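What follows draws every value from the coordinates through simple rules; no lab data is involved. Since the model is a prediction, treat every value here as computed from it, not as a measurement. FYI the Cβ positions are ideal-geometry reconstructions off the backbone, even for glycines, and counts take in every protein chain you see.
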Amino acid sequence: MALDTVEIAQEIYTAAKRLQKSGDKLFTLAKEYAQAEQKYRQALGMEIMKLRDEKVPVSIVGDVARANIAELKFNRDLAEYRYKAGRDKSQALQAEISALQTLYKRQEDI
């Protein structure tokens, strides 16, 4: 089934709107990721200092500290992967628009 130029133009418009919305969402996801990273790093530093004050052997301080704040690391990693998924979705929308524009151009040439 061949698409006519009006249908292709409508698809381009719809995809462009989705891309615009995904850009706004991507900004939010990037901010959430940065905040989660900041929270994790701050908590890790404080936990390491606390463990050193408690005379925990230096050779295991890092591992114990990370284990104690594992939920923050989980939240940080989740925020990172949500951001990357959003970025990938935006790139897919850009590719879709590019393909539709090519179809539109070819359709006009016919």
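Here is how the numbers come out for the structure above:
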quantity	calculated
Dipole of the chain, positive end: most advanced residue of 13, 23, 65 [Cβ charges, Cα centre]	65
Percent of C-alpha pairs per 10 Å bin, the chain, short to long	14, 26, 19, 15, 12, 9, 5, 1
Relative contact order of region 5-109, defined on C-alpha pairs under 8 angstrom at six or more residues apart (%)	51 percent
Sorted by Cβ neighbour density within 10 Å, fewest at the top, the residues 64, 6	6, 64
Charge dipole (debye, nearest 20) of the chain; +1 at Cβ of Lys and Arg, -1 at Cβ of Asp and Glu	460 debye
Order of 87, 82 under a 10 Å beta carbon neighbour criterion, fewest first	87, 82
Residue order, fewest to most beta carbons within 10 Å, for 66, 106	106, 66
Pairs of lysines in the chain (C-alpha under 27 Å apart; 8 or more residues apart or interchain)	27
